[in-house]
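These notes are about the structure you will find just below.
Since every read-out is calculated from the coordinates, none of them should be taken as a lab result. Since this is a predicted model, take the numbers as computed values, not measurements. A quick note on method: Cβ atoms are made from the backbone with ideal geometry, for glycine too, and the neighbour counts reach across all protein chains shown.
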Amino acid sequence: MSALERYTRQMLLAEVGEAGQEKLLAASATVIGCGALGTVIASSLVRAGVGRVKIVDRDYIELNNLQRQILFDEEDIARGLPKAVAAAERLRKINSQVEIEPIVADVNPGNVEEIISDVDLVLDGTDNFETRFLVNDACVKHGIPWIYGAVIATYGMTMVIVPHCTPCFRCLLAKMPAPGSTRTCDTVGVLGPAVNIVASLEVTEGLKLLMGKEEELHGRLIYVDAWTGTLERLELEKKDGLCPACDLGRFEFLEARVGSYPTSLCGREAVQVNVRGEARVSFPDLAERLNSVGPVTFNDYMLRFLVDSYELTIFPDGRAIIKGTTDEAVARTLYARYIGL
Ligand SMILES: [Zn+2]
């Protein structure tokens, strides 16, 4: 049996062919975040025969993930496996020809360049803006294409960023949204099929890039709502040449000048998440979003929110103290989920 046997249906496509398949087998990609988007992306890349796939995630699997995170099962939860490790185990059974590298880590300014700099492509499976800005800085700096994707409720969007050819993520969004100002899947929910659509659109563009078919990229920001059956293609324009990242080479997230950073609080079962910048949190808005998830109280000085065994206390400048853990990665996850950054 030839090594290409398993890819016959893919090679039959004029868009791929044997030459395209050989390129995929020699290619490599990093999937940042292995939740809903990331599991579909990693599964598609490995089945398609992308030669080396790195999977990065800081989290463990929970029961409420199984509704949409297609690589995990109840046994993985019973075994207490990190997502990256469980995904790698499953994917090796599906395609043993692919080299799969699980990395259990919180992507941060200290490790992001190592995570992205030895691959041909980076795909976004994260759930927060901060990581995307950081990945954008690192990819623009190293000239590595990356594919943005995000889903919430029943809709999502995606676009390809080829550094210095297309607008970058920072061209589109100059600043990070204020802490607590955006909705998250943990406060409004997410529809599994909507995730699968966005992940599939990401991977399709990814395969084009990995086969060297840049000219076939659609070059649009795609917005899709699975519930209403809407798909919009928005033309992107590179603006005035003043983008801090791709025009001026100022990588503020990479240099950790903006964004959040956690610090353990000594002697307490708690972690503080600090936020750089001048953001102000609107407590009434945040409380309204969190009300459906758990008990919330607030006054002028702080907002307190209880979920599972954790207590989150948020201050007007976005700083938060998260009680119930000493693990900084857990604290960052809770912050991204419920406050949103
Ligand atoms: Zn830019």
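Per-structure values
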read-out	value
Value at 222 nm in deg cm²/dmol, rounded to 500, when DSSP H runs of n ≥ 4 in the chain each add -39,500 (n - 2.57)	-8500 deg cm²/dmol
Inter-label distance, nm, simple model (7 Å from Cα along the C-beta direction), K239/R183	2.5 nm
Cleavage-rule hits (chymotrypsin sites (Phe, Trp or Tyr not before Pro)) in region 277-341: DSSP loop, at most 16 neighbouring Cβ within 10 angstrom	Y301
Segment E215-T263, extension gain: residue separation times 0.36 nm, minus the distance between their alpha carbons	12.7 nm
FRET efficiency, E255 to A78 (Cβ-Cβ, R0 45 Å, nearest 0.05)	0.60
Kirkwood Rh (inverse of mean 1/r, distinct Cα pairs), region 128-186, angstrom	12.3 Å
Entries of K83/K213; K54/K83; K54/K213; K54/K93; K93/K208; K23/K141 with Cα pairs more than 20 Å apart	K83/K213; K54/K213; K93/K208; K23/K141
Cα→Cβ-extended label distance, 7 Å offset, between R6 and D285, nm	4.7 nm
Kirkwood Rh (inverse of mean 1/r, distinct Cα pairs), region 168-236, angstrom	14.5 Å
Cα gyration tensor, region 66-110 - rounded (a/c under 1.5), prolate or oblate	oblate
Principal semi-axes in Å for region 116-160 [√(5λ), Cα gyration tensor, largest first]	21, 10, 8
Length gained when the stretch L231-L248 is fully extended (0.36 nm per residue, less Cα-Cα span)	2.8 nm
Overall dimensions of region 1-139 by Cα: Rg and Dmax, Å	15.3, 46
Intensity falloff of the chain expressed as log10 I(q)/I(0), Debye formula with alpha-carbon point scatterers, at q = 0.11 Å⁻¹	-0.72
All lysines inside 17 Å of K175 as judged from Cα atoms, apart from same-chain residues fewer than 8 positions distant	K238, K239
